[in-house]
Structures are given as C-alpha cells and as structure tokens.
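The values are calculated or read from the model by the stated rules, or taken from the named source; none is laboratory data. Quantities reported herein were computed from a predicted structural model and do not represent experimental measurements. Cβ coordinates were reconstructed from backbone atoms using ideal geometry, including for glycine residues, and neighbour counts include every protein chain displayed.
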C-alpha cells in the first residue's frame, strides 16, 4: 500500500497476521481498457454533472494529442471545464489546494485527471479538499483522515505505475515539512478510469523502468506479509503479476510502442492495488514507507528509490523465517531452480531482484548515484517509524530503517 | 458464463477472438468475507430501505441457524420483511414471479437472498421482474433482455458453486417449455454479498462435489477461448483458481468443517465469474450451454451434468489446434509433466479431468447412470444451438452437440 501513517494503517486494519483473516472486497471503479474507449468519456462525466475540473501535469498529454482529444469531447458535449495544469511528479498539497479552490469557486461536479499516478493522486486530493470547509488537503493528510466524502474522480491513465487509477489512495507531498504521506478513503477510488496502453507509448525509458518497478514492489511489499493469511490462489495471482512486470518491462523499454507490453504493464498496475491481490492479507508497505522519506527529502523518482531500497531490505530481513518466502519468489517469479537450502535460494532470489533493477531496468544502483548522502538518514528513519515501527515480515524500527538506508549508499 | 442465448451473447460481446480485445472491467459488489461479518447486514440493507423480501430455498438455512440469525438482525433493526421460501434447485420462473408479486404489493426496497446460487438467481429474477409492468420474469429471460433496472439484491451465500454472489447473471428455468436460460444485466450484480465459509459446512458431499465442478468449469469454459486474446497473467489466474478447486474440493468432501477448504472454494466461486478472469477474453460457455439443456429436460444437478459433459467435450474438440491449450491445462492444473507431443499431453489432461470428476469427486460418469437416454438429444442439441452454434475453441453445431451427448451415454 502506498505509504500512510503506520499507526493509522494498522489501527484501520485491526487484524493480525493469522490464517485466513476476514476481509471486505469492494472496488466499484469502472475501467474502460483498450484502444477505442475514450468515446465513452462524455457519458461517464455527465452522470456526475456538467462542470469538470481538468487536471494534468506538464506538456506530455498535449504532445501525444490526448489533451486535444479530451477537450474536443468536452466541448462537443457541452461540458464546461476549468483547468489545473502543472501537477508535479510528487504532487504538492499546495497544488491540490489550488484545485480545490477552483472546485469551490466554480461549483465543479467531477474532477478529471489526465496523466500518470501523480496527476490522479493530485485529483484525489482536490476532490477530498473541495468538500471541506477550509479547502486545505493537508489537515486531512497529516491527521490520517479516512476520506468518505469527495467529489467524484475520473481518471485517464498515461503511465503504468502507481495503481492510483483503481485504488483508494493518494500520496501528497508537503515540501515545507519534507513530508510525503498517503491519504486514503473509499471516496477516493476513481469512479471511472480509462486505460489505453497507447497513451503510454511516449513515456521515456527511465519512466517506464521506474513505473514498472513501482508495480513490482506494490505486489512484493504485500507478498511476504501474505503467507498463510490468504489463499494459495492469491499468492499465485501476486506471482503472476510480478512475472508480467519482469517479462514486459524490458520489452516496453526496448519497443516503446509494443501494445502488448504496454497493456500488460498497465493492467498489472491496476491489478497490483485494486485489492484483488489482498484478500485476507494485511497489505504491507515496508519499502514504500522507506522510499517515501527519500522522495520527500530529495524529490527523486519514486520507482527508482524503491529499486534502490528493495534488494537491501530483502537482504536485511533475510533469515530462516523469511528465507522460504524469498526463495519462493525466486523460483516462481524469476524461474530460479528450486533448492532445498532456503537461505541459498533466497540469496539467489535477491540477486535476481537486484539484477532486474540495475541491469534489466538499467537504474542506477545506489543513493550516492542520486547525490544522496547520510545527512538526513536519522530523521528520515524516525519519521518513517513515527507510528512505532514499520510492520512486515520483520517489523522495522527506526534503527533498522537507518541501517537499510546505509546499505543503499 | 452461465448460458444465455448464444446469438445475444455474441452480439453483446461484439468482438472477435483476436489478440488483446478491449474490455470493460466493472464489478461494484461489496463482499464481506469471513466469520464475523453478518453484523454488517442491517447497515447494508438499510441503505436501500426498510422493506425486505427474504428469499430462500428449503430448510437448510433453518437447520444451520442462519435463518434465525438473519431474522433476529432484521427485527432488532426494525426492518420489515416478507418471505418467499421454497426456491427450487433449478429456480422456476413461476417462483420468481411469486416473489415479484410480493415486491409490487408490499413496496419492497431490497431483495435478500439467503442460500446457494439458485436462491440468489431467483432473487435476481424477482428483482428484475418487480420493476416491470407485468411482473413476469419470463419475457425478460426468453427475449434475452439485458437488465439495466432492478431492485437491489443482497446475497448471503451458503454454497460455493455458481458465482451468482458476484456476477451479473441468473439462470431461470421454465419447466412448461423445458427451457433453462440465463438472464443477464448490470443491474443484477448483487450490491452486497456475505460469504462465510462456515455457512457451507453442512453442505452434503454430493453438493460439495457438484458445486466444486461448477466452479472449475466456469473457468475452464473460458480458458480455451482466452488464448492470446488476454494477458498471460489472466491465464495464470485462471489456472490458479482451477488448482484451488482441484486441491480443496476433496478436502471439503472429506472434512466438511475444514474452514480453509470451504474458504478456498467460496472465494474461487466468486473469482471464477466476477470478471477478474475475463479481461480481454470472450467468456466461453460451451459446456454450460450443453448442460443447461440436460437440467432443463431432466432437472439434474447442474455441476453433475457439467462433470459428465466436460471430458467428452474436451475429447471431441481435441485436435492439433486445441491440443496445446488442453495440454497446458494438464501441466499447470494437474501437475502432469510437460511433453513435446501436445496431443499426447492433451489426452493425459483429459484423463486427469475425468479422474477428477469421477474418482476424486465421486460423481457417476454417464447420463445413463442418471437415467437419461437419447430420447431428447436432437431437440436439446437444436435448442442449445438456437443462436446458430455454440462458439468456443471449436464452434459446435447442433450435430456436434448431439454427438457429444451420445458420448455421454
């Protein structure tokens, strides 16, 4: 799960990691997937009203012609729209607040996000803040409010990565306080999402790599926590999604306009966090929790931070209790031959994850490569563990987190 | 998919079996899964209103105490309720019509089904008919109307089998005309479902076996049609669900109160038809289409009829084009070693399906065992192919269907 305050998260989850937890499965998002679906945009927007706030980032949706397509559909259907552009890669609370102000002033009925996860997250922040008296999203974020009322969000996805197009979460950054925190709530699940793999054709190789690893880690962060708390079939679903990322990410990097590769990554992005893979589990977020501190302090690309942290985290938590699951990951996801020595198998699995990050995806392998030193490690670790510790296959204290950061140097 | 008129089905699907079909994913059903969830029933019913029609079958929900639990929750929350009991295993249109009449007369707000797939299907028929002027479900069924308006249905599931608790379909029988036809529609997806594996503890061994094979076939009927029309991960999800059935059905038969076994079957039932396994596929229904004629004419248990038909269907369609997929089924689901000879592998896979049906599940293996002869084969085959032919990995004409029926004698 994308990082929220740990204490709140586990308070909400209520359960413990025991065999077969009770769970609620509910995801009402209506996803139009494929090449010829955007024509349905007007009818879906109009069910919520005639006033739309169009939210997007930089110029990429203009370059690929998607902006023109959307605007043309809005105009020809007499849908009045306002715009908020310039959403940042790690979207700021101040940007969300500007959007909420437009919503309040203009009586917006529905927030339409066109872009990647950051844009959709920002739209969710706007949708939540617009219905508060203050119009400020930060109190909701910082207090860990579970959002039950928000304007409807419709998303047009251009980047397979965060899963925001089908999940209940938004990650909002406050650069004044170096905080990057998840805002969650049933009301934040997009009502409708459009996923056309072609919209991700123009994505740069680096973004494709980072997005792919974000998907991979969404599943992995949960995988080890799942264990006997869930069904075999759910573990196998998780492995199937990770395999899809391992198979198709390098293809998409090599052939940016390979439809099958882009489609696999896009649907993997949605499946990773639409809770199909969660049944009975306590969705873990160890790497995400650690990485969010890195991007909060250094504004690095989230998926890259995850790639640096993940193999070190696996190494740090490796012992006899975690080895069987890590070893299974190697066998099922990377095709490593089974071995009777779980520790040996787990080490090979970690090497495979590392190779995937730094060879296949071509990401730089250390924090030093990104110009990050240990100056803020302690405060970042304390902050990541503000709720006590990071729960997972091994619960991590601030000292553990700091040690893992040092392994990433 | 549970059988609907073929012509309508494929008209609605519009697509062809080509690589990566566009698709819409939407399932808003809210599922409470586990032991301690029924307390949420009143709050969920009350969102729709205060007048409930309680629909159930025979005495089993009274024997296990579920009837008392539900009635007590309704009463203590001042929810007024009316009852329709005696829903048949293959629910009749006349029964649905009696329910619709109560809904119209009493101004029912929500239909609450407590039971297995038949009860839930009947509740869906009631919910659809209640909003028509005639109050008669049969014109909707026989005309293949796609239901977009119906009273809300809430389901409490007691039998892992049909998937009705999470799908958009109801199968309704007209014994006057020997017709058993699916009624589909977005409005028929239950709004809320409660799945407590304990409610299926008292299910007889035979019903457990039949329900399990129904689940297995829901996936299998789709598996061969999927091919390159969908994602690898979806094929792998399908295999994971079939493996779960193969693993846990015999455990549930041996140990009826094994929670893990009942839970796996129940979630497999829901996953098989909640469309997670459909992305991009044209959901096939060859065996279901053939079996529905059997139960329409002879009122046999659906899952048993499927078990008799399925291995013969696989044998009938086996050739060089279908062999790779059938062989893969054997490898992935039944653990048969891979072979370079696809026909050989497929034959082993079919033998494994047959053993699963007639040894593991202990079901009688022929129509003759059920007292069925060839008297009606021709008219049944004609009826199954009323829409032209049964689409699938091999399209089946009426002559093909009759030949398969004869293999089942």
Scanning segment B:98-141 residue by residue, the ones that are in a loop (DSSP other than H, G, I, E, B), within 20 Å of residue B:79 (Cα to Cα) and in contact with a helix residue (DSSP H, G or I) (Cβ under 9 Å, 6 or more places away or on another chain) total 3
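If you check B:68, B:8, B:29, which single one turns out to be under 20 Å from the mean Cα position of the chain (by Cα) and modelled with pLDDT of 95 or more? Let's see the steps before the verdict.
On the way: B:68 fails: under 20 Å from the mean Cα position of the chain (by Cα); B:8 fails: modelled with pLDDT of 95 or more.
So the residue among B:68, B:8, B:29 that is under 20 Å from the mean Cα position of the chain (by Cα) and modelled with pLDDT of 95 or more is B:29.
Being within 13 Å of chain B (Cβ to nearest Cβ), out of contact with any strand residue (DSSP E or B) (no Cβ under 6 Å at 6 or more places or on another chain) and crowded, with 20+ Cβ neighbours inside 10 Å, is that true of even one residue in segment A:202-211?
So far as segment A:202-211 goes, no, none of its residues is within 13 Å of chain B (Cβ to nearest Cβ), out of contact with any strand residue (DSSP E or B) (no Cβ under 6 Å at 6 or more places or on another chain) and crowded, with 20+ Cβ neighbours inside 10 Å.
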Yes or no: residue B:232 without any contact (Cβ under 8 Å) to a residue 12 or more places away in the chain, within 22 Å of residue B:284 (Cα to Cα) and surrounded by fewer than 24 Cβ atoms within 10 Å (Cβ to Cβ)? yes
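Specify which of the listed residues (B:329, B:367, B:363) is assigned by TED's automatic domain parsing to the domain that holds residue B:215, under 24 Å from residue B:235 (Cα atoms) and touching a residue at least 12 places away in the same chain (Cβ under 8 Å).
On the way: B:367 fails: under 24 Å from residue B:235 (Cα atoms); B:363 fails: under 24 Å from residue B:235 (Cα atoms).
Being assigned by TED's automatic domain parsing to the domain that holds residue B:215, under 24 Å from residue B:235 (Cα atoms) and touching a residue at least 12 places away in the same chain (Cβ under 8 Å) holds for just one of B:329, B:367, B:363, which is B:329.
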Looking at this structure, is residue A:351 part of a helix (DSSP H, G or I) and in contact with a helix residue (DSSP H, G or I) (Cβ under 6 Å, 6 or more places away or on another chain)? no
All-but-one check, residue A:264 against (1) over 30 Å from residue B:35 (Cβ atoms); (2) more than 14 Å from chain B (Cβ to nearest Cβ); (3) surrounded by 20 or more Cβ atoms within 10 Å (Cβ to Cβ), failing number (2)
Which of the numbered conditions does residue A:386 fail, given that it passes all the others? Conditions: (1) at pLDDT below 95; (2) under 14 Å from residue A:287 (Cα atoms). (2)
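Only one residue in A:355, A:373 is farther than 25 Å from residue A:211 by Cβ and surrounded by fewer than 21 Cβ atoms within 10 Å (Cβ to Cβ). Which one? It would help to see each step written out before you state the result.
On the way: A:355 fails: farther than 25 Å from residue A:211 by Cβ.
Of the residues listed, the single one that is farther than 25 Å from residue A:211 by Cβ and surrounded by fewer than 21 Cβ atoms within 10 Å (Cβ to Cβ) is A:373.
So if I check each of B:372, B:336, B:300, B:343, which one is part of a loop (DSSP other than H, G, I, E, B) and without any contact (Cβ under 8 Å) to a residue 40 or more places away in the chain? So that I can check it myself, show each step before the final result.
Details: B:372 fails: without any contact (Cβ under 8 Å) to a residue 40 or more places away in the chain; B:300 fails: without any contact (Cβ under 8 Å) to a residue 40 or more places away in the chain; B:343 fails: part of a loop (DSSP other than H, G, I, E, B).
Just one listed residue meets the conditions, B:336.
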Do we find a residue being more than 14 Å from every other protein chain (Cβ to nearest Cβ), in a strand (DSSP E or B) and at pLDDT 95 or above anywhere in segment A:182-196? yes
For segment B:52-70, what are the residues that are without any contact (Cβ under 8 Å) to a residue 40 or more places away in the chain and under 22 Å from residue B:90 (Cβ atoms)? B:58, B:59, B:62
Subset of segment B:237-253 (residues that are touching a residue at least 40 places away in the same chain (Cβ under 8 Å) and either within 7 Å of chain A (Cβ to nearest Cβ) or closer than 10 Å to residue B:333 by Cα (or both)): B:237, B:239, B:242, B:243, B:246
Only unsatisfied item for residue B:282, checking (1) assigned to a helix (DSSP H, G or I); (2) buried (at least 20 other Cβ atoms within 10 Å of the Cβ), is (1)
Would you check which residues across segment B:274-292 are away from chain A (no Cβ under 14 Å) and at pLDDT 90 or above and list them? B:286, B:287, B:288, B:289, B:290, B:291, B:292
One residue is enough: does segment B:166-178 have a residue meeting the conditions within 30 Å of residue B:257 (Cβ to Cβ), touching a helix residue (DSSP H, G or I) at 6+ places or on another chain (Cβ under 7 Å) and outside any strand (DSSP E or B)? yes
